[in-house]
Every structure is written in C-alpha cells, then in structure tokens.
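Chemist: Pasting a structure here, questions to come.
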Amino acid sequence: MKHLLLVVASCVFIACNSGNNSVILNEPKTDDEGEVNNGFTQELQLSIESFVVTNDIDYDFEILKGNEPYSVNVANKEDAKTTITGNKVTVNLLNSTANITVTDSKQQSKSIQIYSSAPSLSHHGYTLVSDPDSTHFINNLDFGSGGYTIKKIKGSSATAEIEGTNNLKITSIKPGNSYFQIIDKRGSIAPLEVVVLLNYILTNKSAEIIAIPDEVISIPLQYGEGDWQLTEDTSSSNLIEEVTLMPKGSMNKYDVLQINTTKTSAVGMADILLKDKVDNYARITIKIQP
C-alpha cells in the first residue's frame, strides 16, 4: 500500500510540470523612482509651485511625474516662448508676467504664473503726440535686448523706423492715429502709438469740423470769455470716444477742447455744446467721414 501511494504522487508531480500550459508571470514595471506602475494614470507633478518670482529673463523647470508626451501652452503668445526637452521646460520671457500651462497625454494640466523683475522686461510702450509735417526722435530705446525692428499695425498718419542701433525716427504726415510695435531680438514687444493732431481754432459761436474715425482734434477756444464748460453729456454718442476740456494755463493761452473720435468705422455727425463764464454758448459739429 505504501508503494502504491508513492507511484500516484509521482505521476501527479510529472503531470503538473509537463505540456505547454505553464503560466509565466512578468515582473511588475516601475517608474523612475522605483514605484510600481501597471499602466495606471500618473498624477502630473511639476518641480515648481503655481506662482514663481525670478530676476532673470529665462526660467527652467521640470516635469517630475506625468504621462508622456507633454505639451506646453502660453496664454498670451507675446508674453513668452517655450521649449520642452524630455521632462525639462525652458521659458524665454518676453514680458514681465507670463501664464504657462503644462498638459500631459491624459489631459491632466498644471498652470503656473511666472513674474520677472528683470529691467529689460519692464516696458510700457511709447506714445507721441505731434502736429502734421513734423519729425521726432526717441533716442536710446531702453527696453529689451536691443536688435530692434519696427512692425506697423495700422494707420497712415505717420511712419516709424529704427536709425542706428537703438534710436527711433518718427515722421508725422497727416492727422490721425497710427500704431506700431517695436520688437527686440528676443521677441519682446513695446507698443508705439503716434497721435497726429487735427488742429482747429474756435473763433465764433459755431463750427463744423470734418474728421475721420480714430482721430484726436485739438481746439483752442478763442471765442468767448473763457472758463468753458460742457453743457451736456457726450458719452451716449457712438461717434465720440472722449471729450476733454483743458483750462488755460502756462502751457496754453486759451481753454482747449480735445475730442477723440470713435475707434470704430462708424460715420455720421455729432454735436458738442459749450458755455463760457458769462453764458456765451458755442456749438461744435463733428462730421465723421470714412
């Protein structure tokens, strides 16, 4: 009986280890830190917090965890340029503030805001107000990294060009507003607005002025006794962007009325009514044409 039991046990052992039905278990896969990853989504993690302050014009950070491939997006393309190499992200700042979003293949995303105090990124643009048929210079442009170029955005009232390495020449041609971008060699942008005034002198109680959209009209009020005031609100007119009354002083002998026409393509007529300190009234009609 003992002999029989040994034979049966031996047969069972042989049967369990023969044939092609054996199962091979693979070793569990691990990530770079040795943690087991069996195909599940990894949480996206960056090496920085959501807000960063730096003194530099370039900033690097790393993607610590996530699911490749990754993409990097800048909220405003004029604020920064980005490159990604493996898990390293490089941000070339073009403005003092940039909002960056990193997204992985599982649509997980992390957003960060980078603020730089670098002097070359702290620019607010340039504005020139001039009369027609005049030339002006802005010497020693002080933003960005040099190597400037000029891009015209819109308007035909003026031209702008770079002279030498960092000087700007502006030629005012006719009344109207013109807009440009000054761009340095890294891609930083400073806006340039050139306002060429339409000048008119009020010498009696009424006037009609022909204007165009997006224009600034300057009117010294020689008629009357001064201390002029607007007698009605002009904010409801879709043809007038802004009206400003500047009292006489050391810079101007008379009160000056400044009218900014609409920046849209709207045309038509708008009246502006005024009264001086002894109740003289004046009416200025602005006729806006294309």
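The values are calculated or read from the model by the stated rules, or taken from the named source; none is laboratory data. Every value quoted in this text rests on a predicted model; they were computed, and no experiment measured them. Positions of Cβ are generated from backbone atoms using ideal geometry, with glycine treated the same way; all protein chains shown enter the neighbour counts. Quick note on the areas: whole protein, heavy atoms, side chains included, nothing else; ligands and nucleic acids left out. Shrake-Rupley method; radii C 1.70, N 1.55, O 1.52, S 1.80 Å.
Chemist: With a 1.4 Å probe and all protein chains in place, put Val278, Val243, Val91 in order of accessible area, largest first.
Modeler: Ranked list, largest accessible area first: Val278, Val243, Val91.
Chemist: Which value, in debye to the nearest 20, describes the size of the charge dipole of the chain about its Cα centre when Lys and Arg Cβ atoms bear +1, Asp and Glu Cβ atoms bear -1, and nothing else is charged?
Modeler: 580 debye
Chemist: Can you find, among Ile210, Thr171, Thr231, the residue farthest towards the positive end of the dipole of segment 151-235? Put +1 on the C-beta of Lys and Arg, -1 on that of Asp and Glu.
Modeler: The one lying farthest along the dipole's positive direction is Thr171.
Chemist: Shape of segment 57-143 from its Cα gyration tensor (a ≥ b ≥ c, root eigenvalues): rounded if a/c is under 1.5, otherwise prolate when a/b > b/c, or oblate?
Modeler: Details: a/c = 3.98, a/b = 2.96, b/c = 1.35.
Since a/c reaches 1.5 and a/b is larger than b/c, the shape of segment 57-143 is classed as prolate.
Chemist: Can you find, among Ile201, Val52, Asn99, the residue farthest towards the positive end of the dipole of the chain? Put +1 on the C-beta of Lys and Arg, -1 on that of Asp and Glu.
Modeler: Result: Asn99, furthest along the dipole toward the positive end.
Chemist: While we're here: With springs only between Cα atoms under 10 Å apart, run a GNM on the chain and tell me which of Ser188, Ser96, Ser236 wobbles the most.
Modeler: Its mean-square fluctuation being the largest, the pick is Ser236.
Chemist: Please figure out what share of the DSSP beta bridges in the chain is antiparallel and state it in percent, rounded to the nearest 5.
Modeler: On the way: 70 of 88 bridges.
In the chain, approximately 80 percent of DSSP beta bridges are antiparallel ones.
Chemist: Using DSSP, restrict attention to beta bridges with both residues in segment 35-148 and report what percent are antiparallel, rounded to the nearest 5. Don't skip to the end; give the middle numbers.
Modeler: Details: 24 of 28 bridges.
Antiparallel bridges make up about 85 percent of those DSSP assigns within segment 35-148.
Chemist: In addition: For the pairs Lys154/Lys263; Lys77/Lys110; Lys263/Lys287; Lys205/Lys263; Lys151/Lys287, flag any whose C-alpha to C-alpha distance is greater than 23 Å.
Modeler: Beyond 23 Å: Lys205/Lys263; Lys151/Lys287.
Chemist: Related question: Tell me, what % of the accessible area of the chain is carbon and sulfur with a 1.4 angstrom probe?
Modeler: Using a 1.4 Å probe with all protein chains present, the chain comes out at 50 percent carbon and sulfur.
Chemist: I've got another one for you. For Leu230, Leu274, give me the order by solvent-accessible area with a 1.4 Å probe, most accessible first, ignoring ligands, DNA and RNA.
Modeler: Leu230, Leu274
Chemist: Taking mean projected area of the Cα convex hull in nm² straight from the coordinates, which label in (1) 17.0; (2) 28.7; (3) 16.1 is the correct one?
Modeler: (2)
Chemist: Can you work out the Karplus-derived ³J(HN,Hα) for every residue in segment 78-87? Use 6.51 cos²θ - 1.76 cosθ + 1.60 with θ = phi - 60°, whole Hz, and x for glycine or proline.
Modeler: My calculation for segment 78-87 gives 7, 8, 6, 10, 10, 9, 10, 10, x, 9 Hz in order.
Chemist: Output the antiparallel fraction of DSSP beta bridges having both residues in segment 182-286, as a percent to the nearest 5.
Modeler: Taking every DSSP beta bridge within segment 182-286, about 75 percent pair in antiparallel fashion.
Chemist: Further question on the same structure: With +1 on each Lys and Arg Cβ and -1 on each Asp and Glu Cβ, and nothing else charged, work out how big the dipole of segment 81-177 is about its Cα centre, in Debye to the nearest 20.
Modeler: That gives segment 81-177 a dipole magnitude of about 500 debye.
Chemist: To the nearest 10 square angstrom, what accessible area does Asp255 show with a 1.4 Å probe?
Modeler: Solvent-accessible area, nearest 10 Å²: 10 Å².
Chemist: Now a separate question. Can you tell me how segment 105-176 classifies by the Cα gyration tensor, rounded, prolate or oblate, using a/c under 1.5 as the rounded cut?
Modeler: In terms of gyration-tensor shape, prolate.
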